[in-house]
1. Along each of the three principal axes of the Cα atoms of the chain, give the extent in whole Å, ordering the values from largest to smallest.
2. Can you tell which of Leu161, Leu52, Leu134 shows the greatest fluctuation in a Gaussian network model of the chain with Cα springs below 10 Å?
3. Return the long-range amide H neighbours of His97 (sequence gap of 5 or more, or a different chain), with a cut-off of under 5 Å between placed amide H atoms.
4. If you add up the charges near Phe68, with Lys and Arg at +1 and Asp and Glu at -1, over every other residue whose beta carbon is less than 12 angstrom from its beta carbon, what do you get?
5. From the phi of every residue in region 154-163, what ³J(HN,Hα) in whole Hz does the Karplus formula 6.51 cos²θ - 1.76 cosθ + 1.60 yield, where θ is phi - 60° and glycine or proline is x?
6. What's the center-to-center distance, using Cα atoms, between region 34-93 and region 192-216 in Å?
7. What residues qualify as long-range amide H neighbours of Ser62, i.e. H under 5 Å apart, gap of 5 or more or another chain, H built at 1.01 Å from N?
8. Name the long-range amide H neighbours of Met202: under 5 Å, sequence gap of 5 or more, or other chain; modelled H, no Pro or chain starts.
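The values are calculated or read from the model by the stated rules, or taken from the named source; none is laboratory data. Keep in mind that this is a model prediction, so the values were computed, not measured. Note: ideal-geometry Cβ built from the backbone for every residue, glycine included; neighbour counts use all protein chains shown. Heavy atoms of the whole protein, side chains included, go into the accessibility calculation; ligands, DNA and RNA do not. Shrake-Rupley method; radii C 1.70, N 1.55, O 1.52, S 1.80 Å.
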Amino acid sequence: MNNDIVRASGICKSYCDQASRLDVLKDIDFSVGKGEFLAIQGPSGAGKSTLLHILGGLDNPSGGKVYFEGEDIYGLDDNARSVFRNRKVGFVFQFFHLLPELTALENVLFPSLLRSWWQRKKNLERARGLLERLGLAQRLTHKPQALSGGEQQRVAICRALINQPQLLLCDEPTGNLDSENGQIIIKLLTELNREEKITVLMVTHDKDIAKVAGRLIHLKDGMILH
């Protein structure tokens, strides 16, 4: 029985204009097992973020296919792919992307409003529970500008988890944090993977951060190094 949650098959990504062509990803093949913690490590410009965005349905590949539990996500129409992203995948980015006009609690709740507005009480309880678990019980009504970088990233992780995704995609989640807060975030991701069996796929240029994953893939110049 196939235990893969995500499989990339022949993924390519190129950007072209009249004068030149830039090949960012070149024939990428790999899979991620359910419940796995996989890190993709490589230098800046290796194509890590582009690959993560393609795996999460955010950016169309130039070639190849991405399968999520056996279904080709780029075979879906735009609306169906939006539903897939909202229900199946949580995203954690380097620069948080919190909405400045919303409180921490409201930021966490926002993705749930797009999916199940009729379950507001249940969603509110889950949002509060996530924030409390991540040490933010006293920050529920604070807006992003009143939070530290580490606190903002923890709010972003709660937001990514609100819809109980099967896959958590993390794009340099510690890249905008000091070492202490970076270690806190990595510990949280490790605990979520171990205790809640959430599949975690993290890209990073930091070799020490990458070591916490159960498996490591090296990406350089748009290709996986074997």
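1. Principal-axis extents of the chain (Cα, largest first): 51, 44, 39 Å.
2. Most flexible of the set in this elastic network: Leu134.
3. Close amide H contacts, sequence-distant or interchain: none at all.
4. +3
5. Calculated HN-Hα couplings, in order: 5, 4, 4, 5, 4, 4, 5, 9, 4, 8 Hz.
6. 16
7. Cys12, Lys13, Ser14
8. Leu38, Ala39, Ile40, Cys170
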